[in-house]
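Engineer: Can you keep this structure in mind? I'll have questions shortly.
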Amino acid sequence: MPIKACEKGYPKNMAGQGRVPVTPELMLRAYMAGLFPMAPDAGSDELEWFCPEMRGILPLDGFHVSRRLMRTVLSARFAVATDQDFPAVMDGCAEPAPGRETTWISPRIRTLFCALHDMGHAHSVEVRHEGRLVGGLYGVAIGQAFFGESMFSRMRDASKVALVHLVARLKLGGFHVLDTQFGTDHLSSFGGVEIPARDYMRQLGQAVGRQAAWIGNDRVTDLQAAIRALRT
């Protein structure tokens, strides 16, 4: 999958996918080439591969957190953990929500990402309130790049808290690229930007060839310090 694929915008139903099985290993190769998959709809068994001409990223050193949100993150309102129930986070992201009545997360997509999770390449950040899962996000980690896939919220601020925890974990673990696929007004409020595909591929090529560590649930003190440092 050459870099030039990214320069042509949004390839869909790429030639050969019917002959070449889409495996978790192929998914990793696709991400490293700048592509990411979606299903046309929740009931489809097909996959479409996307590579926007302008790519959304969230620069880790330019992440913005408001005082109000930081107070919420540091309070005892939510309990946040990682990788305790990856499938449940995917199911939450697939739920209908205002402005997102349909989903691209098909059973095939779910199976592939759960396989990546079992391989240690896909991770979830889970936000709970009184023991109930109320928000979270998931994505794929390769080298020093994290590819954000989707997030959901069943309570105010739950997905935002997940995002703050994600960024803190990525910075603490030595990641350098947080891919958001597309730019949105919501992400721009946190410092998200869009960059040309060629610039994105340059950053990606450097990041996937270097090592980073996903921060689990055992480094609470370090993580709290990393979260507080986001406001400095």
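The values are calculated or read from the model by the stated rules, or taken from the named source; none is laboratory data. What you are looking at is a predicted structure, and each value in this text was computed from that prediction instead of being measured. Quick reminder, even Gly has a Cβ in these numbers, built from the backbone with ideal geometry, and neighbours come from all protein chains shown. For the accessible areas, the whole protein counts, side chains as well, though only heavy atoms, and no ligand, DNA or RNA atoms are used. Shrake-Rupley method; radii C 1.70, N 1.55, O 1.52, S 1.80 Å.
Engineer: Output the relative contact order of the stretch 62-171, whole-number percent, from Cα pairs under 8 angstrom with separation of 6+ residues.
Structural biologist: So the answer I get is 27 percent.
Engineer: Rounded to the nearest 10 Å², what accessible area does V65 show when all protein chains are kept and the probe is 1.4 Å?
Structural biologist: Accessible area of V65: about 10 Å².
Engineer: While we're looking at this one, here's another question. On a 0 to 90° scale, report how tilted helix 107-118 is relative to the longest principal axis of the chain, with both axes built from alpha carbons and the result rounded to the nearest 10.
Structural biologist: On a 0 to 90 degree scale, this one is about 60.
Engineer: Cβ under 15 Å from A115's Cβ, A115 left aside: what net charge do those residues give with Lys, Arg +1 and Asp, Glu -1?
Structural biologist: Once all neighbours under 15 Å are counted, the net charge is -1.
Engineer: Restricting everything to alpha-carbon atoms, can you work out Rg to Rh for the stretch 102-227 with a Kirkwood hydrodynamic radius?
Structural biologist: Here the Rg-to-Rh quotient is 0.95.
Engineer: Non-local amide H neighbours of I142 (under 5 Å, H modeled in plane, Pro and chain starts lacking H): which ones?
Structural biologist: It is F147, by chain and number.
Engineer: Taking all protein chains in place and a 1.4 Å probe, what share, in percent, of the accessible surface of the stretch 24-230 do carbon and sulfur account for?
Structural biologist: Within the stretch 24-230, the accessible surface is 50 percent carbon and sulfur.
Engineer: Could you go through the stretch 72-84 in sequence order and give the Karplus-derived ³J(HN,Hα) for each residue, using 6.51 cos²θ - 1.76 cosθ + 1.60 with θ = phi - 60°, rounded to whole Hz, and x for Gly and Pro?
Structural biologist: 5, 4, 7, 7, 8, 5, 10, 9, 10, 9, 10, 6, 8
Engineer: Based on DSSP H runs of at least 4 residues, each adding -39500 (n - 2.57), what is the mean residue ellipticity at 222 nm of the chain after dividing by all its residues, to the nearest 500 deg cm²/dmol?
Structural biologist: So the helix-based figure for the chain works out to -10000 deg cm²/dmol.
Engineer: Continuing with this model, one more query. Hey, what did the stretch 109-232 get for relative contact order, percent, Cα under 8 Å, at least 6 apart?
Structural biologist: That works out to 23 percent.
Engineer: Angle check, please: helix 197-208 long axis (alpha carbons) against the longest principal axis of the chain (alpha carbons), in degrees 0 to 90, nearest 10.
Structural biologist: Value to nearest ten degrees: 70.
Engineer: Using the Cα centre of the chain as the reference point, and only Cβ charges (+1 on K/R, -1 on D/E), how large is the resulting charge dipole? Debye, rounded to the nearest 20.
Structural biologist: Charge dipole of the chain: 700 debye, to the nearest 20.
Engineer: Taking a probe of 1.4 angstrom, what is the accessible area of W214 in Å², to the nearest 10?
Structural biologist: Number for this one is 50 Å².
Engineer: Right, here's the next one. Report the relative contact order of the stretch 24-230, percent, no decimals, based on alpha-carbon pairs under 8 angstrom and at least 6 residues apart.
Structural biologist: The normalised contact order for the stretch 24-230 reaches 28 percent.
Engineer: Still on this structure: Just the accessible area per residue of the chain, please: how many Å² with a 1.4 Å probe?
Structural biologist: About 47 Å² of surface per residue is accessible.
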